[in-house]
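Have a look at the structure below before the remarks.
The values are calculated or read from the model by the stated rules, or taken from the named source; none is laboratory data. None of these values were measured; they are calculated from a predicted model. In this analysis, Cβ positions are derived from the backbone assuming ideal geometry, glycine residues included, and neighbour counts consider all displayed protein chains.
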Amino acid sequence: MAFQRPREMNRVAIAAWCLFDWASNAWPTVIMSFVFAAYVTREVAPDAETGTAWWGTGTALAGVVVALVSPVVGAIADRAGPRKPWVVGFSSVTVVMAAALFTIRPEPAYLLQAVILGGIGGAAFEIGQVFYNAMLADVAPPRMIGRVSGWAWATGYAGGLACLGTCLVVFVLPAEPLLPLDPAAAEPVRATGVVVALWFAVFAVPFLVLTPDRPARNQPFARTAREGVAQLRRSLADLRRRYRRVAHFLLARMLYTDGLNTLFAFGGVYAAGTFGMGFRDILVFGIAMNIAAGIGAFGFAWVDDWVGPKRTIVVSLLALMVFGGAALLVQTPTGLYVAASALGLFLGPVQSASRSLMSRITPEAVRAEMFGLYALSGKITAFAGPAVVGWVSVAADSQRVGMATILAFFLAGLALLWPLKPAVDTGEPKPA
């Protein structure tokens, strides 16, 4: 029996789907952004420079794996039918890797192990998101795709921050641990990996139980895999003709996502280097931006359905350039907080509306495959933004000038997105 797209709102299914974002965002927030990455670079590695290089290399290699694997497994999943088994499989790997991070002692001998665990967990997390994102149009009625995507994105920011707050209050910040853990062995910080694992596993249960999924096809997996790979080859060979709008959008997204990724990677570095902020100040700075991004994603969810996801992205990119420019011009930490918080309001909408637009223009039969390409477009040139910022900062001897190159990525992505007509691709070859 074919899967029927929802025509009316199923509140339970939508809430369960959104709650998965609450569960899963514990990994990028606590492990990759605020706590464990800093622990590895500052306490496990012999020095901060070595730690940064190793952790960055592991993250980059994980991105390569995501870029290569996502389209393939997405194409296979489209042929197999259900998406939840793939979400469960890859998310389970992330949960195991998070729990295993407790074994990372503050000694250089554990650096390689930390990088391997973080890389595997990060790659599995990103690949799992391919199938989760592909379910958006299966859960939300067409008139509500923007709202559901925005609600989920805002829920994800809230869940990540809630898990981070729990880790900070219970484990990281108290002078005396609230639980019998040894600070000398960094056990309070290491325990945050276990918290992330439990958080992810527990809060993912409603998604697993209550979110509808597609029926399975009754054929051997080997045949399904062959069909999926063959379909992917056909799609890639004729992407510009059969799925012209998708290809157009993915190219534009690749450019502005390079800017977003670089902003996330260098925001704290800029705050520390130009404004002299310490670790706790940077932590507060990052939390403030995440709160603003969550508010923006939630508020713009209605705007997405009202004016369309493309216009939402356009407005958000323009705002990012304006407030990003302000953040480069201010001279005080207070001014940076204000500009960055305003900028944060438009980070969530760009990401949420991008997922919404992809869901709207992608043919149903190849949606997971196309979301695999969507993941690829966010990773394949991820090195470009950080490299340009680094080179220009050195050449100009100024972090401000280097960070200004991020605005160029936003502008290039906006210029390419502008002429896109967001109708659904049918998969039929377009006339040349």
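I'm trying to understand the selection: among the residues of the range 80-123, which are surrounded by fewer than 23 Cβ atoms within 10 Å (Cβ to Cβ) and of a type in the set (D, E, K, R)?
Listed by number, the residues that qualify are Lys84, Arg105, Glu107.
Can you confirm whether Arg79 is more than 22 Å from Gly121 (Cβ to Cβ) and over 18 Å from the mean Cα position of the chain (by Cα)?
Yes: the conditions hold for Arg79.
Just to verify a result, which residue in the range 241-272, among those that are more than 16 Å from the chain's Cα centre (by Cα) and aliphatic (A, V, I, L, M), is modelled with the lowest pLDDT?
Per the stated criteria, the residue is Val269.
Evaluate the following for Leu251: is it in a helix (DSSP H, G or I) and within 22 Å of Thr381 (Cβ to Cβ)? Quick ask: steps written out before the conclusion?
On the way: in a helix (DSSP H, G or I): yes; within 22 Å of Thr381 (Cβ to Cβ): yes.
Yes.
Would you pick out the residues in the range 328-349 that are under 23 Å from the mean Cα position of the chain (by Cα) and without any contact (Cβ under 8 Å) to a residue 40 or more places away in the chain?
Listed by number, the list holds a single entry, Ala339.
Being within 18 Å of the chain's Cα centre (by Cα) and under 30 Å from Leu283 (Cα atoms) narrows it down to one of Val69, Val30, so name that one.
Details: Val69 fails: under 30 Å from Leu283 (Cα atoms).
Selected residue: Val30, the only one of Val69, Val30 that is within 18 Å of the chain's Cα centre (by Cα) and under 30 Å from Leu283 (Cα atoms).
Hey, can you tell me all the residues within the range 19-41 that are of a type in the set (Ser, Thr, Tyr) and within 16 Å of Leu198 (Cα to Cα)?
Residues of the range 19-41 of a type in the set (Ser, Thr, Tyr): 24, 29, 33, 39, 41.
Result: Ser24, Thr29.
With Arg147, Arg143 as the choices, which residue is touching a residue at least 60 places away in the same chain (Cβ under 8 Å), closer than 20 Å to Ser356 by Cα and exposed (fewer than 15 other Cβ atoms within 10 Å of the Cβ)? Before the answer, list the steps.
Details: Arg147 fails: exposed (fewer than 15 other Cβ atoms within 10 Å of the Cβ).
Within the list Arg147, Arg143, the selection yields Arg143.
Please determine whether any residue of the range 31-41 is at pLDDT 90 or above, part of a helix (DSSP H, G or I) and either of a type in the set (Ser, Thr, Tyr) or assigned by TED's automatic domain parsing to the domain that holds Asp138 (or both).
Filtering the range 31-41 down to residues at pLDDT 90 or above leaves 31.
This time we only want the ones that are part of a helix (DSSP H, G or I), so: 31.
The next check asks that each one be either of a type in the set (Ser, Thr, Tyr) or assigned by TED's automatic domain parsing to the domain that holds Asp138 (or both); those that pass are 31.
Yes.
For Ala432, which of the numbered conditions (1) surrounded by fewer than 16 Cβ atoms within 10 Å (Cβ to Cβ); (2) modelled with pLDDT of 85 or more fails to hold?
(2)
Name, by its number, the condition in (1) out of contact with any Phe, Trp or Tyr (no Cβ under 6 Å at 6 or more places or on another chain); (2) assigned to a helix (DSSP H, G or I) that does not hold for Pro82.
For Pro82, the failing item is (2).
Considering each of Ala387, Ala342 in turn, give the residue that is surrounded by fewer than 24 Cβ atoms within 10 Å (Cβ to Cβ), modelled with pLDDT of 85 or more and assigned by TED's automatic domain parsing to the domain that holds Asp305. Quick ask: steps written out before the conclusion?
On the way: Ala387 fails: modelled with pLDDT of 85 or more.
Sole residue among the options that is surrounded by fewer than 24 Cβ atoms within 10 Å (Cβ to Cβ), modelled with pLDDT of 85 or more and assigned by TED's automatic domain parsing to the domain that holds Asp305: Ala342.
Go through the range 306-327 residue by residue and tally those that are of a type in the set (Lys, Arg), touching a residue at least 40 places away in the same chain (Cβ under 8 Å) and surrounded by fewer than 17 Cβ atoms within 10 Å (Cβ to Cβ).
Just the residues of the range 306-327 that are of a type in the set (Lys, Arg), to begin with: 310-311.
Next, only the ones that are touching a residue at least 40 places away in the same chain (Cβ under 8 Å) stay: 310.
Then drop every residue that is not surrounded by fewer than 17 Cβ atoms within 10 Å (Cβ to Cβ), which leaves none.
Residues that pass the stated criteria total 0.
Are any of the residues in the range 89-108 under 18 Å from Arg367 (Cβ atoms) and of a type outside the set (Gly, Ala, Ser)?
The first filter runs over the range 89-108 and keeps only residues under 18 Å from Arg367 (Cβ atoms), leaving 90.
Still in the running and of a type outside the set (Gly, Ala, Ser): 90.
Yes, the range 89-108 contains a residue that is under 18 Å from Arg367 (Cβ atoms) and of a type outside the set (Gly, Ala, Ser).
Out of (1) closer than 21 Å to Gly378 by Cα; (2) surrounded by 19 or more Cβ atoms within 10 Å (Cβ to Cβ), the odd one out for Pro363 is which?
Failing condition for Pro363: (2).
Scan the range 203-222 and give yes if some residue there is within 26 Å of Trp17 (Cβ to Cβ) and either of a type in the set (Asp, Glu) or outside the structural domain of Phe102 (by TED's automatic domain parsing) (or both), otherwise no.
Among the residues of the range 203-222, at least one is within 26 Å of Trp17 (Cβ to Cβ) and either of a type in the set (Asp, Glu) or outside the structural domain of Phe102 (by TED's automatic domain parsing) (or both), which makes the answer yes.
Going by the conditions given, is Val303 among the aliphatic types (A, V, I, L, M), surrounded by fewer than 19 Cβ atoms within 10 Å (Cβ to Cβ) and within 13 Å of Gly146 (Cβ to Cβ)? So that I can check it myself, show each step before the final result.
On the way: among the aliphatic types (A, V, I, L, M): yes; surrounded by fewer than 19 Cβ atoms within 10 Å (Cβ to Cβ): no; within 13 Å of Gly146 (Cβ to Cβ): yes.
The answer is no for Val303.
In this structure, is Val350 surrounded by 24 or more Cβ atoms within 10 Å (Cβ to Cβ), of a type in the set (A, V, I, L, M, F, W, C) and outside the structural domain of Trp151 (by TED's automatic domain parsing)? Steps first, please.
Values: surrounded by 24 or more Cβ atoms within 10 Å (Cβ to Cβ): yes; of a type in the set (A, V, I, L, M, F, W, C): yes; outside the structural domain of Trp151 (by TED's automatic domain parsing): yes.
Yes.
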